[in-house]
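Trainee: Right, I'll just put the structure down here and ask away after.
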Amino acid sequence: MKIPEIEMTRAEIEAVRAPVERASTMPARVYASADVYGVEVERLFRGQWLCAGRLDQVSSPGDYELVDLLGEPLIMTHAEDGRVRVLSRVCRHRGADLFPQTGGARRGNTTKLVCPYHAWVYRLDGSLIGAPLMQDAQGFVSSECPLLEVRSETWNGWVFINLSGDAQPLGPSLTSLSELLSSYGMEEMVAAEPMEFDSPWNWKVLVENFMEAYHHIRTHRDTLESMLPARESFVPDADGPYSVLRMPSKDPGLLESLSTLPVINGLEDWQRNTLIAAVVFPFHLFALTPDAMTWYQIFPDRHDHFTLRIYNCVPKSTAEVPEHADALGAVRELTRQIHSQDIGACDAVWAGLGSRLWGPGRLCLLEKSIWELNRWWFEHMPVRVT
């Protein structure tokens, strides 16, 4: 399939790709065009690595988690052989979804996957073990009809998938990020039940908002700004498909004092006094505090809409202590409060991007992560100079 090119003027391209001190934002149509989004789906989404879920969501043999991403009905399984896989959950017979979504649970535990249409039966490794009344079909071999497996890779407890099957390995490109955050033990964390939000904006609106602290001065003036002043935030240089925002606390020990959850063992001094936000491009978002992690999982479906699930995650040792339940609830409510403030900011941006009078604006140096995302976008999108 030939992917159409995105037309942009030389001035627009140069303004976005200029050094961060002189750079501007993307043109509005990069957010508001369904055609641009269609190219993003093929190049940035299907062609790159996207997060399907976490290993702790399928921690035991027989566990499964349903994943619907870019129109693909998928299932993440923990098979008897101990491997976690991501499979197409489309039956190899007539294309029925093994778990048609009718409001049922997204996860469970089972010994087999049964098609609700003609009762074909699959193991959790995808192999077909039952095909009723197919013995008279000439040349039919059940071993040739497994559920199709999607290429996957694990990174710090998350399961990433590549739908095109031809992306470069993910792990080596994130080596520096892994080293920076190794003290947090993210691979050992467990995720609580998510909060889900209907999000009527382009996916980049949220990613950009998540990755800059400049808006603390207004949007979060009564929450984050008093603890994590925008002026103290900074973005270190990145050497891979990611960006990191570091937000030091106003006073030493302030972040630790806000929660009764135990501090993660082995953190460096600066980590105990810093909120870290990170994005693995295009839209894998997470934030780390001295005692917990918040993970934003984005499921885009149109240029102007996506579903967002926000997970609060803590070390397994914390989650297993019943006495921490109230503190975990407080973390959840603070997360909800902060995102509610961000919803208002994203609503305002999305409304403004529809204006024909607006043109790209200059970036603040505190918005370096947006600049890094924009440069990565240009590296992977087919752009033609007009």
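The values are calculated or read from the model by the stated rules, or taken from the named source; none is laboratory data. Small disclaimer: the values here were computed from a predicted structure and weren't measured. A quick note on method: Cβ atoms are made from the backbone with ideal geometry, for glycine too, and the neighbour counts reach across all protein chains shown. For accessibility, only protein heavy atoms count, side chains too; no ligands or nucleic acids. Shrake-Rupley method; radii C 1.70, N 1.55, O 1.52, S 1.80 Å.
Trainee: Test of understanding: among Gly344, Gly329, Gly359, which residue is part of a loop (DSSP other than H, G, I, E, B), out of contact with any Phe, Trp or Tyr (no Cβ under 6 Å at 6 or more places or on another chain), at negative phi and of a type in the set (Gly, Ala, Ser)?
Mentor: Gly359
Trainee: Regarding the stretch 176-183, can at least one residue be identified that is in contact with a strand residue (DSSP E or B) (Cβ under 6 Å, 6 or more places away or on another chain) and either under 30 Å from Trp270 (Cβ atoms) or without any contact (Cβ under 8 Å) to a residue 24 or more places away in the chain (or both)?
Mentor: yes
Trainee: Out of the residues in the stretch 117-154 that are outside any loop (DSSP other than H, G, I, E, B) and touching a Leu at 6+ places or on another chain (Cβ under 6 Å), state the one that is nearest to Glu72 (Cα to Cα).
Mentor: Ranking the candidates gives Glu149 first.
Trainee: Can you name every one of the strands (runs of 3 or more DSSP E) wholly within the stretch 241-315 that holds 1 or more residues which are in contact with a Pro (Cβ under 9 Å, 6 or more places away or on another chain)?
Mentor: 242-248, 274-280, 293-302, 305-315
Trainee: Let me ask something else about it. With respect to Thr175, determine if the residue is under 27 Å from His380 (Cα atoms) and in a helix (DSSP H, G or I).
Mentor: Yes, satisfied.
Trainee: Can you name every residue in the stretch 7-17 that is more than 18 Å from Glu367 (Cβ to Cβ) and small (Gly, Ala, Ser)?
Mentor: Ala11
Trainee: In this structure, does Glu372 turn out to be of a type in the set (Asp, Glu) and either at pLDDT below 95 or open to solvent by 60 Å² or more (accessible area, probe 1.4 Å) (or both)?
Mentor: No: the conditions fail for Glu372.
Trainee: Yes or no: the stretch 131-146 includes at least one residue that is within 29 Å of the chain's Cα centre (by Cα) and either in contact (Cβ under 8 Å) with a residue 12 or more places away in the chain or within 30 Å of Gln48 (Cα to Cα) (or both).
Mentor: yes
Trainee: Moving on. May I ask you to list pairs of residues, at least six apart or on different chains, whose Cβ atoms are under 7 Å apart, with the first in the stretch 320-341 being more than 13 Å from Pro194 (Cα to Cα) and the second being outside any helix (DSSP H, G or I) and open to solvent by 40 Å² or more (accessible area, probe 1.4 Å)?
Mentor: Close Cβ pairs satisfying both conditions: Ala327/Thr260.
Trainee: Moving to a separate point now. Quick one: in the stretch 156-187, of everything that is open to solvent by 10 Å² or more (accessible area, probe 1.4 Å) and of a type in the set (A, V, I, L, M, F, W, C), which residue is farthest from the chain's Cα centre (by Cα)?
Mentor: Here the residue is Leu180.
Trainee: Could we say that Arg246 is open to solvent by 40 Å² or more (accessible area, probe 1.4 Å) and in contact with a Phe, Trp or Tyr (Cβ under 8 Å, 6 or more places away or on another chain) here?
Mentor: Against the criterion (open to solvent by 40 Å² or more (accessible area, probe 1.4 Å) and in contact with a Phe, Trp or Tyr (Cβ under 8 Å, 6 or more places away or on another chain)), Arg246 qualifies.
Trainee: Search the stretch 57-104 for residues being farther than 17 Å from Arg123 by Cα, more than 21 Å from the chain's Cα centre (by Cα) and open to solvent by 60 Å² or more (accessible area, probe 1.4 Å), and hand back the single one that is modelled with the highest pLDDT.
Mentor: Here the residue is Arg94.
Trainee: I would also like to ask the following. For the subset of the stretch 110-123 comprising residues that are touching a Phe, Trp or Tyr at 6+ places or on another chain (Cβ under 7 Å) and in contact (Cβ under 8 Å) with a residue 24 or more places away in the chain, which member is most open to solvent (accessible area, probe 1.4 Å)?
Mentor: Thr110
Trainee: Among the residues that make up the stretch 18-34, is at least one of them more than 30 Å from Arg362 (Cβ to Cβ), open to solvent by 20 Å² or more (accessible area, probe 1.4 Å) and out of contact with any His (no Cβ under 9 Å at 6 or more places or on another chain)?
Mentor: The answer is no, given that none of the residues of the stretch 18-34 is more than 30 Å from Arg362 (Cβ to Cβ), open to solvent by 20 Å² or more (accessible area, probe 1.4 Å) and out of contact with any His (no Cβ under 9 Å at 6 or more places or on another chain).
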